[in-house]
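Here, each number is a calculation from the coordinates, and none is a lab measurement. As the structure is a computational prediction, the values presented were derived from the model and not from experiment. When we count neighbours, we look across all protein chains shown, and the Cβ atoms used for this are built from the backbone with ideal geometry, even at glycine.
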Amino acid sequence: MTNALLSRLGDYYDPDPRATVVCLFGSAFTLAMMLPIAELANPYHAFGVFGTTLALFGSIVMLVDHWRRRGMPSD
């Protein structure tokens with residue numbers, strides 16, 4: 001059952017690299033605007049920094065995965 005679920009999710013997982021690049025640049029810009037303020041005592045600011053950092057790393061991981069899959073020959 002787990003293999004069937006992973007196979008089904010693998011069929012639907014097809015991220016658009018252009019959308020990932022937009023997310024990457026947007027989150028990098030937002031993080032660059034938020035870090036000089038550095039008011040981490042404010043929980044809303046800390047949540048924003050955490051969420052933006054998570055989006056940044058997620059975009060990087062998706063782009064690296066796309067780049068890695070593109071380099072591999074398909075079956």
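At a glance:
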{"read-out": "In order through region 36-50: 3J(HN,Hα) via Karplus (6.51 cos²θ - 1.76 cosθ + 1.60), integer Hz, x for Gly, Pro", "value": "x, 5, 6, 9, 6, 6, 7, x, 5, 5, 4, 5, x, 5, 5"}
{"read-out": "Length added when fully stretched, residue 34-residue 50, from 0.36 nm per residue minus Cα-Cα", "value": "4.7 nm"}
{"read-out": "Packing-based ranking, highest mean first, of 37-43, 18-24 given that Cβ atoms within 10 Å are counted", "value": "18-24, 37-43"}
{"read-out": "Chymotrypsin sites (Phe, Trp or Tyr not before Pro) within region 11-66, DSSP loop, no more than 14 other Cβ atoms inside 10 Å", "value": "13"}
